[in-house]
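What follows is a short report on a single structure.
The values are calculated or read from the model by the stated rules, or taken from the named source; none is laboratory data. Here the structure is a predicted model, which is why all the values come from computation and not from measurement. Counting neighbours? That spans all protein chains shown, and the Cβs are built from the backbone with ideal geometry, glycine included.
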Amino acid sequence: MTLGLIYQGFIIIFLLTFSFGPAFFSLINTGIKHGYKQGSLLAFGVILSDSLLCFLICLLVYFGAVSILHSEKAQTFSAIIGGIILIVFGAFYCKKHTSKTDDTIDVDYKHPHPMLMITKGFLLNFFNPTVWFLWLGNVTAVSKTLDYSIIKMLIFFSIVLGAVLCVELAKVFLAAKIKNYLTDTVMTIVNYITGTILIIFGLVLIYNHYFAR
């Protein structure tokens with residue numbers, strides 16, 4: 001049982017940190033552009049949303065009410081809201097032009113407000129339906145192993161989320177380290193790539209859950 005939980009824990013950590021979703025690309029982009037501090041705030045926002053989702057789904061599984069998440073209306077609503085958020089963030093990235101010289105002149109002005117970064121990370125992750133169903137699958141699988149004990153589930157996922165945060169911070173740290181080796185042009189291109197990816201994610205979400213029904 002213990003080995004099985006360890007294996008499941010590693011799988012969850014890998015899926016959450018290397019799923020190459022919107023939050024992944026935004027974390028790398030922020031680490032490169034603004035450095036470790038701002039990137040870590042974004043990562044903290046992502047983990048906050050993961051923690052809230054995990055807690056909510058643990059409660060739904062415990063009370064046998066997971067069917068709520070499978071309803072067509074719930075899926076469509078979350079996809080449309082999530083898609084709009086991703087498109088807005090993507091457009092914002094595409095408009096920005098990065099200048100390392102400007103950053104050194106007025107660092108405080110260039111860096112976004114800490115609460116803005118936390119909120120951004122939270123929204124990018126929370127309104128991604130893929131993350132919802134990833135947590136639904138993981139919690140459902142682990143809950144059987146833990147005999148549907150809400151206390152055991154929360155302890156297990158708290159440890160997993162702590163490990164996920166460490167991996168996210170490591171990604172941001174590595175991204176921040178290569179910042180000094182990138183030119184302004186390359187960093188601007190990174191902005192466009194990140195923005196384009198977020199817009200594509202948003203359009204696909206809306207299309208798949210609304211227009212392609």
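For the range 185-206, the condition holds for at least one residue, the condition being that it is surrounded by 15 or more Cβ atoms within 10 Å (Cβ to Cβ) and farther than 23 Å from THR30 by Cβ. Is there a residue in the range 122-139 that is touching a Phe, Trp or Tyr at 6+ places or on another chain (Cβ under 6 Å) and touching a residue at least 12 places away in the same chain (Cβ under 8 Å)? No: zero hits.
Can you tell me which residue among SER143, SER158, SER149 is loosely packed, with under 15 Cβ neighbours inside 10 Å, over 18 Å from the mean Cα position of the chain (by Cα), farther than 21 Å from ASN29 by Cα and not hydrophobic (A, V, I, L, M, F, W, C)?
After ruling out the rest, the residue left standing is SER149.
Per the listing ASN125, ASN208, the residue uniquely modelled with pLDDT under 80, polar (S, T, N, Q) and out of contact with any strand residue (DSSP E or B) (no Cβ under 6 Å at 6 or more places or on another chain) is ASN208.
Considering the range 158-185, and only residues there that are modelled with pLDDT of 75 or more and of a type in the set (Val, Ile, Thr), the residue that is farthest from ASN128 (Cα to Cα) turns out to be THR185. Restricting attention to the range 13-37, the residues that are in contact with a His (Cβ under 9 Å, 6 or more places away or on another chain) and crowded, with 21+ Cβ neighbours inside 10 Å total 1. Within the range 100-122, being surrounded by 13 or more Cβ atoms within 10 Å (Cβ to Cβ) and modelled with pLDDT under 80 holds for LYS100, ASP102, ASP103, LYS110, HIS111, PRO112.
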